[in-house]
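Read the structure below first, then the notes.
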Amino acid sequence: MYKILLVDRCYFTRTGLESWLNQTDFFPAAFLVTALNNLMLAKEHIIQWQPDLIVADLFGFKHDLHHIEQFSSLLAACGKENRLILLQSGEDAALADYCAQYPLQASLLKTAPLETLARVIDAAVLERPAREMPQIAAPLLTRQEEKVLSLWMEGRSNQSIASKMCINRKTVYTYKRNIRMKLGMDNRFTPFLSLPESVN
């Protein structure tokens, strides 16, 4: 059983790839797939869930505030134990040069044929030994907590989040407290703080 983390802002890409990866006709190995649309949450998943393979579209996040810090944080979390495939929704020379500093399994555009992507994924997972099937495959955050975190990262107030999700404002506070505890955040401003700049 191989664990794959999909990181993509596009809902349709995440659900489409997740469905495609779970079709056993295409791949000789079985996959446990988690899909996320948040770079900070993805970094925490890499550290704690330790996927064998990360498939990410960083191009979709390049206009985010503090995107370089989030990219470096995510890319630094990828280590020897997992492989990174960039499946980009567009081309950007500066982003490509930046990502080239990190070990990548492959970099493809989303327009690449599925057969090509399947070969790249097969090569990446076959380089690693299979893990035993986990007894419990629980995500780090619940679906509701992921929704709250996404809205929180957009800068919405507790009242706005409560209205959007049709829940009580006190429930939003509880979700935020749980998110901070699970992600090891020191205070309520942690998701919005940029990482310190590296000195060269």
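Which one is nearest to the chain's Cα centre (by Cα), of the residues in region 51-95 that are farther than 17 Å from residue 124 by Cβ, surrounded by fewer than 14 Cβ atoms within 10 Å (Cβ to Cβ) and of a type in the set (Gly, Ala, Ser)?
Result: 76.
Conditions (1) at pLDDT 90 or above; (2) outside any helix (DSSP H, G or I); (3) assigned by TED's automatic domain parsing to the domain that holds residue 6, marked per residue:
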position	(1), (2), (3)
96	yes, no, yes
112	yes, yes, yes
119	yes, no, yes
136	no, yes, no
149	no, no, no
156	no, yes, no
161	yes, no, no
180	no, no, no
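Of these, 74, 87, which one is in contact with a Lys or Arg (Cβ under 7 Å, 6 or more places away or on another chain), under 20 Å from residue 116 (Cα atoms) and of a type in the set (A, V, I, L, M)? Break it down into steps so the answer makes sense when it comes.
Numbers: 74 fails: under 20 Å from residue 116 (Cα atoms).
The unique qualifying residue is 87.
Residues in region 77-86: is at least one closer than 30 Å to residue 180 by Cα and either of a type in the set (Phe, Trp, Tyr) or touching a His at 6+ places or on another chain (Cβ under 8 Å) (or both)?
The initial filter retains those residues of region 77-86 that are closer than 30 Å to residue 180 by Cα, namely 77-86.
Now drop any that are not either of a type in the set (Phe, Trp, Tyr) or touching a His at 6+ places or on another chain (Cβ under 8 Å) (or both), which leaves none.
No, that holds for no residue.
In region 1-50, how many are without any contact (Cβ under 8 Å) to a residue 24 or more places away in the chain and either closer than 24 Å to residue 66 by Cα or surrounded by 19 or more Cβ atoms within 10 Å (Cβ to Cβ) (or both)? Step through it out loud before you land on a result.
Narrowing region 1-50 to residues without any contact (Cβ under 8 Å) to a residue 24 or more places away in the chain: 12, 14-16, 18-19, 22-25.
If we keep only those that are either closer than 24 Å to residue 66 by Cα or surrounded by 19 or more Cβ atoms within 10 Å (Cβ to Cβ) (or both) too, we end up with 14.
Going through region 1-50 one residue at a time, the tally reaches 1.
The values are calculated or read from the model by the stated rules, or taken from the named source; none is laboratory data. All of these numbers come straight from a predicted model, not from anything done at the bench. Here Cβ is always computed from backbone atoms with ideal geometry, including for glycine, and neighbour counts include all displayed protein chains.
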